[in-house]
Amino acid sequence: MYLSVNKVQPLHGEVEKWKDVIPKDHHRKTELHPRFVIQETAKRMGDEAIAVTDVGQHQIWTAQFFPFNRPRSFLSSGGLGTMGFGLGAAAGAKIASPRRPVVLFTGDGCFRMNCAEMATLVTYKIPVLIIIFNNRTLGMVRQWQKLFYESRYSETDLENRPPDFIRLAGAYGVSAHRAADEPAFLAALDQSLETIARGSPALIEALIDIDERVLPMVPGGAPIDEQILDVT
Ligand SMILES: Cc1ncc(C[n+]2csc(CCOP(=O)(O)OP(=O)(O)O)c2C)c(N)n1
């Protein structure tokens, strides 16, 4: 359905009202929040950056927090989203648009599915920045298990499971840093952007809280105006 022009302004007004309803601080205070990671990365990479994602919470955080000031800047596997899409897509974006900086935001689950493509980045000298949000879980599924299945976690826990992403990146010859708080992330970002400027890929593992959530969300089967805005 297309909105006629005279309906656009009222719709914008309605959206502004929704923003007042959503609690401004509904993201919990943690050592390193995905919003900080995404916004700082966007600031440093600039408006020309292309942001690529895999599938899961990190995908929605990117959609929410990356500013996207230019068209054709968001490359994501929506709809029937496929884990493992991201790294190959990021490499393709960089080859297609060599003058634009490319960042992949991925999850520790998705990255496990295509991490061997780091060999492609190194072999063909494709300078992509990879940021793994490591929450030690399949976060999107855990969030559903927590909210709708009384925290009965099944097959989503990746705690204490290999690989060590920093050592894995090192094995492929990709420069890698781990960050658990904001100063460490900013230092890792500086170093990684220098690496990329020299024409090589770089990776940052951002350690985030296992129970960080994506909000607002619409429960399965509910209409779009029945959104969960906050959970305690
Ligand atoms: C190939 C494939 N298997 C399963 C799914 C279902 N699925 C969607 S998101 C997700 C979890 C992703 O976990 P992670 O990569 O750690 O990202 P997070 O949600 O924690 O950001 C799963 C299992 C899928 N989309 N694709």
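What residue, among those in region 160-176 that are in contact (Cβ under 8 Å) with a residue 40 or more places away in the chain and touching a Ser or Thr at 6+ places or on another chain (Cβ under 9 Å), is nearest to the ligand (Cβ to nearest atom)?
In this case the residue turns out to be ALA169.
Taking the condition of being β-branched (Val, Ile, Thr) and within 15 Å of the chain's Cα centre (by Cα), how many residues in region 200-230 meet it?
Residues flagged as β-branched (Val, Ile, Thr) and within 15 Å of the chain's Cα centre (by Cα) within region 200-230 amount to 4.
So how many residues does region 147-158 have that are touching a residue at least 24 places away in the same chain (Cβ under 8 Å) and surrounded by fewer than 17 Cβ atoms within 10 Å (Cβ to Cβ)?
2
For a quick check of your reading: which helices (runs of 4 or more DSSP H) sit entirely within region 102-159 and have at least 3 residues that are on the phi > 0 side of the Ramachandran plot?
No helices (runs of 4 or more DSSP H) qualify here.
Given the options ASP209, ASP225, name the one that is in a loop (DSSP other than H, G, I, E, B) and touching a Leu at 6+ places or on another chain (Cβ under 9 Å).
ASP209
State all residues of region 39-81 that are open to solvent by less than 20 Å² (accessible area, probe 1.4 Å), within 19 Å of ARG100 (Cβ to Cβ), part of a loop (DSSP other than H, G, I, E, B) and within 16 Å of the ligand (Cβ to nearest atom); if no residue qualifies, say none.
Within region 39-81, PHE66 is the sole residue that qualifies.
Within the bounds of region 160-169, is there any residue that is part of a strand (DSSP E or B) and either within 17 Å of the chain's Cα centre (by Cα) or charged (D, E, K, R) (or both)?
No, region 160-169 has no match at all.
Only one of ARG152, ARG213 is in contact with a helix residue (DSSP H, G or I) (Cβ under 9 Å, 6 or more places away or on another chain) and at pLDDT below 95; which?
Among ARG152, ARG213, only ARG213 is in contact with a helix residue (DSSP H, G or I) (Cβ under 9 Å, 6 or more places away or on another chain) and at pLDDT below 95.
Among the residues of region 82-98, what is the count of those that are touching an Asp or Glu at 6+ places or on another chain (Cβ under 8 Å) and more than 16 Å from the ligand (Cβ to nearest atom)?
1
Would you point out the residue of region 113-143, among those that are more than 8 Å from the ligand (Cβ to nearest atom) and charged (D, E, K, R), that is surrounded by the fewest Cβ atoms within 10 Å (Cβ to Cβ)?
LYS125
The values are calculated or read from the model by the stated rules, or taken from the named source; none is laboratory data. Since we're looking at a predicted model, the values are computed, not measured. Cβ atoms come from the backbone with ideal geometry, glycine included; neighbour counts cover every protein chain shown. Side chains included, ligands, DNA and RNA excluded: accessible areas come from the protein's heavy atoms. Shrake-Rupley method; radii C 1.70, N 1.55, O 1.52, S 1.80 Å.
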